[in-house]
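Data block below; observations after.
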Amino acid sequence: MPVAAVKNIMTFLEIAPGTVATTERLNSILKAVLDAYEHDGVRGGLRIGGGTAADPKHVVLLRVDPDSGAKLLHLIVKPAWADNEDNEDNEDNEDNEDNTSEYVFEFKYPWEPGSVLCAIADAKTAIADDKLRVACLDCLGTDDEIPMTASGMPKCMNCMMKLMFEEPPVVSHLIPGVIASPKRLNVILAAVTERNKCGRPLFVGGGTQNNMKHGIVLCVYTERLRVLVYPAFELNSPGGMFSNRLLFDRMYAFTWEGLASAIFDARTAIAHNKMITDPLRARVACTDCADTAAHGMSRCMPCTLRAAFEL
């Protein structure tokens, strides 16, 4: 095996460069997390990271999660942060740190030594990925705070959602040039989960009078993924998205495979609706009268129904 490959593999078998991750060392970390929890309660745990304004660092939290029945190791990775050096031990500083943007990564692992190694590897991967994120170019020039690109994507989550459901019904890509990989689909599911924690769905849509977009809602419902699609609407119109009739409503497994199926089905529903409502679509005369034929039929709707009931 090439030396470079061995070196990369070893980085995930070490706690730190040169310190191999033995069971004894991993158990020591678990004990430190548990001691901090027993000392400080639910908010207790190991907090690593933070930096200065000139050199902010990501923050990693290792906590005990006692709410899931069995004791779990709770990993949270937060965006790069500059500690308040004048009030480092001030409780308000911790509160402010907790109120920064959404987590970069969060996961709960079984309470066992191997989970510590998994948590270290996942945190390192999440931090490396987060460093590649930049300001969303599509949002530049707006009055709002410029969001960062979603993990592994060229646009922020809101911009990706607005575009990807308007694509033709295929499963290969989210938008042109961006493959619908399991990782990217899981990033979208993570955003849905984050909104669900706040008691809100993830929804996008709407546009201008000349470029209206369909309304999309993704939410968690009975531990499954629920996807709703509303007709294209003008963003500033009275009533907004939810004043329109529902085009599509279906449930899926809350997995990346389920989301991939949901995107394809929603795109199919949107494409069908565009064909029906597009004012430029071809008009065909009814074969029985002077009216226009219904979509996909040789007769208008009244003539089609008369023929169906043999009237």
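The values are calculated or read from the model by the stated rules, or taken from the named source; none is laboratory data. Note that the coordinates shown come from a computational prediction; the quantities given were computed from them, not determined experimentally. Reconstructed Cβ throughout: ideal geometry from the backbone, glycine too, with neighbour counts over all protein chains shown.
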**Fill in**
Within the stretch 179-188, residues being more than 11 Å from Ala260 (Cβ to Cβ) and either touching a Cys at 6+ places or on another chain (Cβ under 9 Å) or crowded, with 18+ Cβ neighbours inside 10 Å (or both) number 1
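Conditions tested, residue by residue: (1) modelled with pLDDT of 90 or more; (2) in the same structural domain as Glu24 (by TED's automatic domain parsing); (3) surrounded by 15 or more Cβ atoms within 10 Å (Cβ to Cβ); (4) closer than 30 Å to Asn27 by Cβ.
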position	(1), (2), (3), (4)
Asp55	no, yes, no, no
Asn84	no, yes, yes, no
Asn87	no, yes, no, no
Glu97	no, yes, yes, yes
Val104	no, yes, yes, yes
Phe107	no, yes, yes, yes
Pro113	yes, yes, yes, yes
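Can you tell me which residue is modelled with the lowest pLDDT among those in the stretch 212-221 that are buried (at least 16 other Cβ atoms within 10 Å of the Cβ) and in a strand (DSSP E or B)?
Checked the stretch 212-221; the qualifying residue modelled with the lowest pLDDT is Lys213.
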**Asked** Taking the condition in contact with an Asp or Glu (Cβ under 6 Å, 6 or more places away or on another chain) and either surrounded by 15 or more Cβ atoms within 10 Å (Cβ to Cβ) or not assigned by TED's automatic domain parsing to the domain that holds His173 (or both), does Leu247 pass?
**Response** no
**Fill in**
Here the qualifying pairs (Cβ atoms under 8 Å; residues six or more apart or on different chains; first in the stretch 16-29 and closer than 12 Å to Gly114 by Cα; second in a loop (DSSP other than H, G, I, E, B)) come out as Ala21/Leu13
**Options Val204, Val192: the member that is in contact with a Lys or Arg (Cβ under 6 Å, 6 or more places away or on another chain), outside the structural domain of Val59 (by TED's automatic domain parsing) and surrounded by 18 or more Cβ atoms within 10 Å (Cβ to Cβ)** = Val204
**Fill in**
Among the residues of the stretch 136-174, the number that are under 20 Å from Phe105 (Cβ atoms) and β-branched (Val, Ile, Thr) is 1
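Residues checked against (1) of a type in the set (A, V, I, L, M); (2) over 13 Å from the mean Cα position of the chain (by Cα):
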position	(1), (2)
Ala150	yes, no
Met157	yes, no
Leu163	yes, yes
Glu167	no, yes
Val171	yes, yes
Gly177	no, yes
Lys183	no, no
Asn186	no, no
**Condition check for Arg267: within 22 Å of Ile175 (Cα to Cα) and either exposed (fewer than 12 other Cβ atoms within 10 Å of the Cβ) or modelled with pLDDT of 90 or more (or both)** = yes
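Can you find, within the stretch 135-165, the residue that is surrounded by the fewest Cβ atoms within 10 Å (Cβ to Cβ) among those that are assigned to a loop (DSSP other than H, G, I, E, B) and aliphatic (A, V, I, L, M)?
Leu140
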**Message:** Checking the structure you have, find out if any residue of the stretch 222-237 is buried (at least 17 other Cβ atoms within 10 Å of the Cβ), assigned by TED's automatic domain parsing to the domain that holds Arg267 and in a loop (DSSP other than H, G, I, E, B).
**Reply:** no
**Pair list, Cβ under 6 Å, 6 or more apart: the stretch 191-218 residue within 21 Å of Ser151 (Cα to Cα), other residue aromatic (Phe, Trp, Tyr)** = Ile216/Phe165; Val217/Phe203
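Could you check, for the stretch 141-160, whether at least one of its residues is in contact with a Ser or Thr (Cβ under 7 Å, 6 or more places away or on another chain) and under 20 Å from Val217 (Cα atoms)?
yes
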**Prompt:** Which of the residues belonging to the stretch 238-264 are in a loop (DSSP other than H, G, I, E, B) and closer than 24 Å to Val170 by Cα?
**Reply:** Leu246, Leu247, Ala253, Phe254, Thr255
